[in-house]
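The values are calculated or read from the model by the stated rules, or taken from the named source; none is laboratory data. Note that this is a predicted model, so its numbers are computed, not measured. Cβ placement follows ideal geometry from the backbone for every residue including glycine, while neighbour counts extend to all protein chains displayed. Ligands, DNA and RNA are stripped out before the accessible areas are found, and what is left, the full protein with its side chains, is counted by its heavy atoms. Shrake-Rupley method; radii C 1.70, N 1.55, O 1.52, S 1.80 Å.
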Amino acid sequence: MVQLAAPAGRRWLVLGLGLAAQTASCAFLYGLPFLAPAMRAAEGLSLATVGAVVAAPSAGLLLTLVAWGALTDRYGERVVMAAGLGASGLLLAFAAAGSHPVGLLAGMFLLAGASTAAVNAASGRVVLGWFGAAERGLAMGVRQTAQPLGVGLAALTLPALAAEWGFRAALLLPAGLAVLVSVLVAALVTDPPRPEPGAGAARPVSPYREATLWRLHGASALLVVPQFAVSAFAPVYLVAVRDWSPLAAGWFLAVVQGLGAVGRLVAGYWSDRAGSRLRPMRLLAVASAAVMLLLALGDAGLPWLVPLALALAAVITVSDNGLGFTASAELAGASWAGRAMGAQNTAQNLAAALTPPLLGLVIGESRYALAFALAAVFPVLAVRLVPVRSEHPAQRVAQ
């Protein structure tokens, strides 16, 4: 990536708009499940059918992340981010207008998910392009807080809107948010300057000819397993096994999710001060394994330990996310940063999609301790896979 001396106001404006774009995207992608009960009641859908409809945006996202990254590398961040987010908003607005067959509704959600995938690579690339190497970790940590912000916004608004006006009307909120932010991006975001190729310069060589990025993507995918072991099963575990009330469990998990957002910021700041993304990432992998074992121990015989272990796990297991994205872009270089972040996100989303059903088979009726202990194995594998020796601080500054 190119290191710039940009005005502070411009850099933070771009970061704010990148955060807003990612938040709008997450409010739709992760907010749609909040509308599932209202959708099922209104359309008379089976649980399997509504599950497929709700999963459609994630499928669209997975299929197009790398392609959007390539377009960002070629045409720039502003146009890709604005076009993708705007198209997503218009598709959701069309889905909200009138009654559509369930197949068409799922198709529109699929296309909206595919469109909003543009934000993932482009928002990260524009933020990293405007911030120097000594600030990128914190900047990317700020951008990564978009997921809890988007989920929180959806949780607070969509169920209430659906209860009052129906799920189709509730869709107008993420639709309007996406269109509004896309207009702001188009009007206010400036693409960071890129190095001009010299006369007769050769086409940039793919960084995927070496193992470094493959190892980084693999390690990041492994680190997603404990994260989604906690986020997917903590609510039902606290209510069904530990006899918490749904309200108490909801408040507890909301608080620790907020702490997780802070953890991403701290990890980013740490990486800036350390001059490395991958050394902190490897240490966080060790910590993730330890805290999942602590959670398994609490379930096996020390129930008083469970709240503390869950809180630690909710913070530690998400803190590495921004480090992996930042390192992907820096190791890939300016010409391949968008594709590298798209590939990084694809690997993580695949792991996120596979973790709940596979761990659910392990848990069965009550084998939570076994599942939590198994989830600890994946960050242990990631420790060996993180390509720490391939990271060169001088290269990060120069790219």
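By the equivalent-ellipsoid construction on the alpha carbon gyration tensor, region 308-398 comes out with semi-axes of 31, 15, 11 Å, ordered largest to smallest. Using a/c under 1.5 as the rounded threshold, could you call the chain rounded, prolate or oblate? The axes a ≥ b ≥ c are square roots of the C-alpha gyration tensor eigenvalues, and prolate needs a/b larger than b/c, oblate otherwise. It comes out oblate by the Cα gyration axes. Computed packing ranks the peptides 156-167, 286-297 as 286-297, 156-167, most packed first, by mean other Cβ atoms within 10 Å. You can think of it this way: the chain between residue 247 and residue 48 has 69.0 nm of extra reach, that is 0.36 nm per residue less the Cα-Cα gap. Taking the inverse of the mean 1/r over every pair of distinct Cα atoms in region 226-350 gives a Kirkwood hydrodynamic radius of 15.6 Å. P(r) for region 1-109, please, calculated from all Cα pair distances in 5 Å bins and given in %. Spelled out bin by bin, region 1-109 gives 2, 10, 17, 21, 16, 12, 9, 6, 4, 2, 1, 0 percent.
Between residue 187 and residue 273, what is the label-point separation in nm under the 7 Å Cα-to-beta-carbon projection? Distance between the two pseudo-spin positions: 3.9 nm. Computed over the chain, the per-residue total of -39500 (n - 2.57) for DSSP H runs of n ≥ 4 gives a 222 nm mean residue ellipticity of -26500 deg cm²/dmol, rounded to 500.
For region 86-230, what mean projected area does the convex hull of the alpha carbons give, in nm²?
On the way: hull surface 52.0 nm².
So the Cα hull casts an average projection of 13.0 nm².
Of all accessible surface on the chain at a 1.4 Å probe, what whole percent is carbon and sulfur? Its accessible area is 70 percent carbon and sulfur atoms. Once a ≥ b ≥ c are taken as the square roots of the eigenvalues of the Cα gyration tensor of region 91-175, is the result rounded (a/c under 1.5), prolate (a/b larger than b/c) or oblate (a/b not larger than b/c)? Judged from the Cα gyration tensor, region 91-175 comes out oblate (a/c at least 1.5, b/c at or above a/b).
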